[in-house]
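A short write-up of the structure that comes next.
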Amino acid sequence: MGVAGWGETRVNGQRLAVELRRLRDLAGLSGRELAQRIGVSQSKVSRIESGSAIPTSGEVGAWADAVSAPAGTRELLRELTEQALTEVYAWKEALRDRTHLQDDIQQREREARRICGFQPTLVPGLLQTAEYARRVFTMFHPPYAERDIPAVVAGRLDRQLALYEEGREFSFLLTEAALRWRPGPPRVLRAQLDRIGSVSTLENVSVGVIPHEVEALTSVPHGFVILGGDDESDAATGGADGEQEVRVIVETIHASLTVRGEHVAVYRHQWSLLEQMAIFGDEARSFLAGLAADLDRTR
């Protein structure tokens, strides 16, 4: 997997794009001719060669066949493809010369009409109240300087304006454990639960809750966010022609992973299973109210 600073050029994807373009040129094939040989559109070939779309392993194999690539070149293409499908952005490097990354995250989110986020451990940033967010940021490692906390909280809240934009769609799946996790006194979580219930009434926002008592269909130990795409077929192919590439963001303790191409389908499949475990609408809001009532009883 490639390692790069947040917001830098996708180095591995660009290396793959340059190599594929070079091989097509050496073979004397036009973009249209190559597209016909490997069974994709000409626009898909253009997006692959510009680095804006990552081809699947099958497409790269067909590309190699079409240009009669030698064995050594095929192995290079295989390695570049695997590296391009998942890139790692280390938090320490990303924060070296900046206060926070909320503006970069917001730009990623702006590029996607549809955003689907799963969280098993805490409330996702787009749903957090200011106080909940502030307390979360004080737990980051490396820690934020106290003087920087107001700016990073303001950046997170600014991202939430997207929830009210026409033409945007948001889907959230949260486990009961994430909803019960309390980064402060009961009043902080009570306000947070109320906030989630309120946002869930927006027509373009879906909030699903996965109770402890539901029978598990899958186990996903970490959160992830799917940016873009309307269905599994788009996700598997890296987006329909003319659409923004579908990506998955996975945040770990030390870094953020960006997953592209054929690997996205794995996350879409897990999302489908998680959705089947969740409750929605009035049932979910009643569940949130029940959690808030539990807080009142433990005061």
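For the range 150-181, the set of residues classified as part of a loop (DSSP other than H, G, I, E, B), among the basic types (Lys, Arg) and in contact (Cβ under 8 Å) with a residue 60 or more places away in the chain is empty.
Checking each residue in the range 144-176 for being under 21 Å from residue 227 (Cβ atoms) and in contact with a Ser or Thr (Cβ under 6 Å, 6 or more places away or on another chain) picks out only 171. Cβ separations smaller than 9 Å between residues 6+ apart or across chains give the following pairs from the range 126-149 residues that are assigned by TED's automatic domain parsing to the domain that holds residue 114 to residues that are assigned to a helix (DSSP H, G or I) and among the acidic types (Asp, Glu): 126/109; 129/194; 137/148; 138/146. Across the range 199-216, the number of residues qualifying as out of contact with any strand residue (DSSP E or B) (no Cβ under 6 Å at 6 or more places or on another chain) and surrounded by 13 or more Cβ atoms within 10 Å (Cβ to Cβ) comes to 2. Looking only at residues in the range 270-286 that are buried (at least 17 other Cβ atoms within 10 Å of the Cβ) and within 19 Å of residue 198 (Cβ to Cβ), which one is farthest from the chain's Cα centre (by Cα)? It comes out as 285. Looking at this structure, is residue 51 at positive phi and either among the hydrophobic types (A, V, I, L, M, F, W, C) or not assigned by TED's automatic domain parsing to the domain that holds residue 202 (or both)? Yes: the conditions hold for residue 51. If the condition is being within 20 Å of the chain's Cα centre (by Cα) and either of a type in the set (Gly, Ala, Ser) or under 18 Å from residue 226 (Cβ atoms) (or both), then the range 124-143 contributes 124, 125, 126, 127, 133.
Within the range 103-116, is there a residue that is out of contact with any strand residue (DSSP E or B) (no Cβ under 6 Å at 6 or more places or on another chain), in the same structural domain as residue 204 (by TED's automatic domain parsing) and among the small types (Gly, Ala, Ser)? No, the range 103-116 has no match at all. Among the residues that make up the range 18-29, is at least one of them outside any helix (DSSP H, G or I) and at pLDDT 90 or above? For the range 18-29, residues outside any helix (DSSP H, G or I) and at pLDDT 90 or above: present. Residues of the range 84-123 that are buried (at least 19 other Cβ atoms within 10 Å of the Cβ), in contact with a Phe, Trp or Tyr (Cβ under 6 Å, 6 or more places away or on another chain) and not hydrophobic (A, V, I, L, M, F, W, C): 89, 117. If only residues of the range 124-172 that are at pLDDT 95 or above and among the aromatic types (Phe, Trp, Tyr) are counted, the one that is surrounded by the fewest Cβ atoms within 10 Å (Cβ to Cβ) is 164.
Scanning the range 14-47 for residues that are among the aliphatic types (A, V, I, L, M), under 20 Å from residue 72 (Cα atoms) and surrounded by 15 or more Cβ atoms within 10 Å (Cβ to Cβ) gives 16, 17, 20, 23, 27.
The values are calculated or read from the model by the stated rules, or taken from the named source; none is laboratory data. What you see is a predicted model; the values in this text were computed from it and never measured. Glycine gets a Cβ as well: all are built from the backbone with ideal geometry, and neighbour counts include every protein chain shown.
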